[in-house]
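Below is one structure, written out as structure tokens, with a few remarks after it.
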Amino acid sequence: MNRISLDDPGVRERLDSQSMLDLLRAVPEQCAMGWRNGRAVDIPAGYGDVDAVVVAGMGGSAMGGDLVRGLIQDHLSVPMIISRDYLLPAFVGGRTLVILSSYSGTTEETLSAFQVASDRGAKLIALGGGGKLLEAAPGPVGRIYAEGMPRAVMVESMMLLLGILTKCRLLTDVEAMAGRLPEFAREQVGRFDADVPELENPAKLLARSLEGRIPVVVGAGALAPVARRWKAQFNENGEQWAIIDEMPEFNHNTIQGIGLPGAAADLLHVVTLASEDDGSRTLRQVEFGGRLVTEAGIPVTVVPAVGDDPLARLMSLVIYGDFVSYYTAMLNEVDPTGIPLIAKLKARMAAEG
């Protein structure tokens, strides 16, 4: 295995053809812009008088909904689900708020869900950067202004959604957290930025320890969707396999299978995301499950969240994971922006109807 220097700007210049690093550095601005624009959306009367909230989207456009749901599920006054499909659950109707999220505005699953929601008389809000979805939306529109792949503008989408839910009066007590977030995010980007040498950079060090292995990313509660974000970023930025799991469920089934096949010890590396928000019983599950995995010869790294409030702690791990996946791309010698296999799949589906 060739040793790639993560401190060499020439490596980034050679591989990062579309400046994914600049988009990672822009997360603080996305935090501020998304929140501000979400709070500015003109919400009709009655949009907060609903029995459920459904966010319909795919890929990076659904991820913001995942993270918001994880953050607020214990505080939202009505159920909230994320729908990744052409259809919508049978309960969706006139007393459902359906938020359709598609950065391109052309995602076929989301456009299909839009038609279903319209036919059932749901209250609609569209989020995106343009395209058919925003053009056809009869209700409020939240526009995403950052440019890049959907996964690279996810933070703006997340904060846009958080602002809209607050404007709908479905959520309270997040204004102070959202106001502090841009500066906190700037500090976190500074911890992991490419200018920080590997020996002082936690994201570079973790990427190095994962080199040649399949990461198994485990999260609990609000961090379960953050684990999904890490997994997707390893897939798309790093162009490699990654697996997600959830604690404490991990200790009720996965733990029994850690010994076989024998090659697992050479292939896997468990990365557990942890936060004080998890609670003492869940953190105890993390500790004891990690011991058994280590005893099976599989490396375990626990990545703690930092920050003074739940939103900051969640964002600290989002930023951490994004940088780890970026450095993984450098170690894999791939462009962190391109998604050639996804593009190939979509082209084949379009050609074959």
Relative contact order in percent for segment 7-130 (Cα pairs under 8 Å, 6+ apart) equals 24
Provide the FRET efficiency to the nearest 0.05 for the residue 349-residue 74 pair, computing r from the beta carbons and using R0 = 51 Å.
0.85
Connecting C-alpha atoms closer than 10 Å in a GNM of the chain, tell me which of 162, 181, 76 has the biggest fluctuation.
76
Please list, in order along segment 75-82, the HN-Hα scalar couplings obtained from phi with the Karplus expression 6.51 cos²θ - 1.76 cosθ + 1.60 (θ = phi - 60°), rounded to whole Hz, x for Gly and Pro.
10, 5, 7, 9, x, 9, 10, 10
Distance in nm between pseudo-label sites at residue 118 and residue 309 (7 Å out along the Cβ direction from Cα)
3.8
Among 91, 184, what is the fewest-to-most ranking by other Cβ atoms within 10 Å?
91, 184
Here are labelled values, [x] 20.5, 66; [y] 20.2, 61; [z] 19.4, 66, and one is the computed Rg and Dmax of the Cα atoms in Å for what I pasted. Which one?
[y]
Taking H placed 1.01 Å from N in the peptide plane, check which residues at least 5 places from residue 301 or on another chain put their amide H under 5 Å from its amide H.
270, 271, 272
Sort 49, 308, 335, 245 so that the residue with the fewest other Cβ atoms within 10 Å of its own Cβ comes first and the one with the most comes last.
308, 49, 335, 245
Check which residues have an amide H placed less than 5 Å from residue 56's amide H, if you skip close sequence neighbours.
83, 99, 100, 101
Final fewest-first order of 252, 269 on the 10 Å Cβ neighbour count is 252, 269
Quick one: dipole size for the chain, taken about the Cα centre, charges +1 on Lys/Arg Cβ and -1 on Asp/Glu Cβ, in debye to the nearest 20.
640
Going by amide H atoms built from the backbone, whose H comes under 5 Å of the H on residue 240, apart from near neighbours?
235
Angle between the chain longest axis and helix 154-167 axis [Cα atoms, degrees, rounded to 10]
40
Along segment 270-283, what does the Karplus equation 6.51 cos²θ - 1.76 cosθ + 1.60 (θ = phi - 60°) give for ³J(HN,Hα), rounded to whole Hz, x for Gly and Pro?
7, 10, 9, 8, 9, 8, 4, 5, 5, x, 5, 5, 5, 4
Say each of residue 45 and residue 276 gets a label point 7 Å from the Cα, pointing the same way as Cα to Cβ; how far apart are those two points in nm?
4.4
With charges only on Cβ, +1 for K and R and -1 for D and E, what is the dipole size of segment 273-353 about its Cα centre, in debye, rounded to 20?
340
The chain: most fluctuating residue of 310, 44, 248 per GNM, C-alpha cutoff 10 Å:
44
How many percent of DSSP beta bridges within the chain run antiparallel, rounded to 5?
0
Select from 297, 64, 128 the residue whose mean-square fluctuation is largest in a Gaussian network model of the chain (Cα-Cα springs shorter than 10 Å).
297
Could you check the spin-label model distance between residue 136 and residue 87? Points 7 Å from the Cα along Cα→Cβ, value in nm.
1.9
Can you work out the FRET efficiency for the pair residue 3 and residue 294, with r the C-beta to C-beta distance and R0 = 41 Å, to the nearest 0.05?
0.95
Which ³J(HN,Hα) values, rounded to whole Hz and listed in residue order, are derived for segment 32-46 from phi using the Karplus coefficients 6.51, -1.76 and 1.60 in 6.51 cos²θ - 1.76 cosθ + 1.60 with θ = phi - 60°, glycine and proline given as x?
5, 5, x, 5, 4, 6, x, 5, 8, 5, 7, 9, x, 4, x
Quick one: length gained pulling residue 253 to residue 287 fully straight, 0.36 nm per residue minus the C-alpha distance?
10.6 nm
Under 8 Å for C-alpha pairs, at least 6 residues apart: give me the relative contact order for the chain, rounded to a whole percent.
21
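Summing +1 for each Lys or Arg and -1 for each Asp or Glu, what net charge is found among the other residues whose Cβ lies under 15 Å from the Cβ of residue 5?
Around residue 5, the surrounding residues sum to -4.
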Here the relative contact order (percent) of segment 90-188, from C-alpha pairs under 8 Å and at least 6 apart, is 21
Computed lengthening from residue 143 to residue 209, 0.36 nm per intervening residue step minus Cα-Cα distance
19.9 nm
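Read the figures in this text as sums done on the coordinates, not as results from a lab. As the structure is a computational prediction, the values presented were derived from the model and not from experiment. Positions of Cβ are backbone-derived with ideal geometry, glycine not excepted, and every protein chain shown enters the neighbour counts.
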